[in-house]
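The values are calculated or read from the model by the stated rules, or taken from the named source; none is laboratory data. Values in this document were obtained by computation on a predicted structure and should not be read as measured data. Neighbour counts run over all protein chains shown; Cβ positions are idealised from the backbone, glycine included.
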Amino acid sequence: MTPIIYDLLALAIGYLLGSIPFGLLLTRLAGTIDLRSIGSGNIGATNVLRTGRKDLAAATLLLDGLKGTAAALIGASLTPEGGMIAGLAAFIGHVAPVWLQFRGGKGVATFLGVLFGLSWPTALIFCAVWLTAAALTRYSSLGALTASAAAPLALFLFGHSGEAFAVAIMTAIVYYRHRDNIARLRAGSETRIGQKA
């Protein structure tokens, strides 16, 4: 097969992996309420936590991350640029899964998973920035926003300019998906970690 075919294959595999709605599947199997009818209506771990099932939220967080890692690693095995193609596609698949009328999660866990597949040092920087920002401000959303902004810069500094561009696109999408959180942060009404909504 020609390189373009491998790139398209990486794109398809990445999107299909990313579009698996683990949060929705796990909560349905557990017999809880439909995620799309509560909280933010998203299918990610944060909304799963609103069902009161911490175990399901943790499993969703792990699986949403792993699908990003798997996509990036599989893509990288197909073609040199396949990792970033499949990783970006997996992220888009999570935030806009075709099976759910393109209404998915905010993408932070899958974002981190993709980073582990592309550059584990960058993933560790993401974690460090998120934890530091969240600990200092007690805003989980601000931690995610700060960490996602740091990721493409870290990739660029590590010499991964192509991956940095792909991750910058992911960062822009993360900011768009967090637009309501950003508005609440600016208004001072965002819920802090440990605070009841």
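What do you reckon, is Phe126 touching a residue at least 12 places away in the same chain (Cβ under 8 Å), of a type in the set (Phe, Trp, Tyr) and assigned to a helix (DSSP H, G or I)? Spelling it out, Phe126 is indeed touching a residue at least 12 places away in the same chain (Cβ under 8 Å), of a type in the set (Phe, Trp, Tyr) and assigned to a helix (DSSP H, G or I).
Applying the criterion of being assigned to a helix (DSSP H, G or I), over 20 Å from Ala90 (Cβ atoms) and among the charged types (D, E, K, R) to the residues of region 170-197, the residue that is nearest to the chain's Cα centre (by Cα) is Arg179. Scan region 130-141 for residues that are within 17 Å of Ser189 (Cα to Cα) and surrounded by 21 or more Cβ atoms within 10 Å (Cβ to Cβ) and the total you get is 1. Is region 147-169 home to any residue that is under 13 Å from the mean Cα position of the chain (by Cα), at pLDDT 95 or above, under 24 Å from Val48 (Cα atoms) and surrounded by fewer than 24 Cβ atoms within 10 Å (Cβ to Cβ)? Scanning region 147-169, I find no residue that is under 13 Å from the mean Cα position of the chain (by Cα), at pLDDT 95 or above, under 24 Å from Val48 (Cα atoms) and surrounded by fewer than 24 Cβ atoms within 10 Å (Cβ to Cβ), so the answer is no. Among the candidates Gly93, Gly23, the residue that is touching a helix residue (DSSP H, G or I) at 6+ places or on another chain (Cβ under 8 Å), under 25 Å from Leu9 (Cβ atoms) and crowded, with 17+ Cβ neighbours inside 10 Å is uniquely Gly93. Counting the residues of region 47-64 that are part of a helix (DSSP H, G or I), surrounded by fewer than 22 Cβ atoms within 10 Å (Cβ to Cβ) and not hydrophobic (A, V, I, L, M, F, W, C) gives 2.
Scanning region 7-46 for residues that are aliphatic (A, V, I, L, M), under 16 Å from Gln101 (Cα atoms), outside any loop (DSSP other than H, G, I, E, B) and at pLDDT 85 or above gives Leu16, Leu24, Leu25. Looking only at residues of region 1-20 that are surrounded by fewer than 22 Cβ atoms within 10 Å (Cβ to Cβ) and in contact with a Ser or Thr (Cβ under 7 Å, 6 or more places away or on another chain), we find that the one that is farthest from Leu73 (Cα to Cα) is Pro3. Exactly one residue out of Gly75, Gly44, Gly39 is crowded, with 22+ Cβ neighbours inside 10 Å, within 21 Å of Ser141 (Cβ to Cβ) and not hydroxyl-bearing (Ser, Thr, Tyr): that is Gly44. Flag: Ala150 does not match the condition of being without any contact (Cβ under 8 Å) to a residue 24 or more places away in the chain and assigned to a helix (DSSP H, G or I).
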